[in-house]
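To start, the structure under review is shown below, and the notes come after it.
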Amino acid sequence: MRSTFLQNFRLFSQNRGALIGLLFILFFTLLALLAPWLAPKDPNTLYVEHLREAPFHPSFLLGTDDLGRDYLSRLIYGARISLGTGILIVLFSGTVGTILGLLGGFYGKKIDWAVMRLVDILMAFPSILLAMAVVSILGPGLLNAIIAVSIVACPQFIKIARAKAMIEKKQTYIMASRTFGASSPRLIFKEILPNCLGPLLVQASLGVSDGILNVAALGFLGLGAQAPTPEWGIMLADARVFIMSSPFLVTLPGICILILVLSFNLFGDGLRDIIDPKLKARSS
């Protein structure tokens, strides 16, 4: 067990991009968890005498927005919202998608047909367009945006779980378990599911980045989180009018979104390197 962990960690550490991504994920996670203590000011307090102050102001390290709110505090609290929404999206879409994929791959026939038709419908539209349509039905708001993006993200988990279930159900250990009288739910969730976790974890890491990006896009369009919530997509939308006069208002939240999304993608690549048996054999 320990030797396997050390081998996986050594393979992961060889990927510098994955290490950098992990460091930035830990950094933003600390910002999110410690936001009430790290934020120098309340993110929604208005300092009307300090409108659009440039960064490195004596009282506002990263300046203020068009309403006089401390920009650093809003960026820190924005990390909490972006990470939280990304994780919630993966938890919901990963749970629902994995269950549907396992059921379709294990039972086949009508259940598999119904699951795959659902996947076809969801994948027939661009993800952000489908999310916008769902939010338009449910109404704008952060919770509805999370639900919409979660629905859009389900097909990826369904396809991975289904493919693994179709492979694993033909393995000898499944046949042996059947011989000893194991029920179908036990075979699915006790035997097959643990062997699907590797690729699902990689997809979960990539799913967090997609979720963060899509929720920010919906916020930018006014369909996600609503003002005065300190969310990076809303901050971009509010600042687009001042892109020439105060470019830092657009640059700072854009950089935060870029770094966090890229970090999860790099981290997902590192996890894939660990799980891929060909890369393992090559490194050993």
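Values in this text are rule-based calculations from the coordinates and carry no lab data. Keep in mind it's a predicted model, so treat the numbers as computed, not measured. Using ideal geometry, Cβ is built from the backbone for each residue, glycine included, and neighbour counts are taken over all protein chains shown.
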For the chain, built as a Gaussian network whose Cα springs stay under 10 Å, the top-fluctuating residue of I167, I147, I87:
I167
Helix 109-123 versus the longest principal axis of the chain: what angle, 0 to 90°, nearest 10, using Cα atoms?
20 degrees
With a Cα-only, solvent-free Debye model of region 156-284, what are the log10 I(q)/I(0) values at q = 0.09, 0.16 Å⁻¹?
-0.46, -0.87
On a 0 to 90 degree scale, rounded to 10, what angle separates helix 16-33 from the longest Cα axis of the chain?
60 degrees
What are the residues whose amide H is under 5 Å from the amide H of R69, where those residues sit 5 or more places off or on another chain and H is modelled from the backbone?
Y47
Most mobile of I121, I188, I89 in a GNM of the chain (Cα contacts under 10 Å)
I121
Per GNM of the chain with C-alpha springs under 10 angstrom, the most fluctuating residue out of S205, S245, S150 is S245
Relative to the first principal axis of the alpha-carbon coordinates of the chain, what is the inclination of helix 142-168, with its axis defined by its Cα atoms, in degrees from 0 to 90 and to the nearest 10?
20 degrees
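Where does each of R69, R16 land when they are ranked from fewest to most other beta-carbon atoms within 10 angstrom?
Fewest to most other Cβ atoms nearby, the residues stand as R16, R69.
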Over all pairs of distinct alpha carbons, what does the Kirkwood formula give as the hydrodynamic radius of the chain, in Å?
20.9 Å
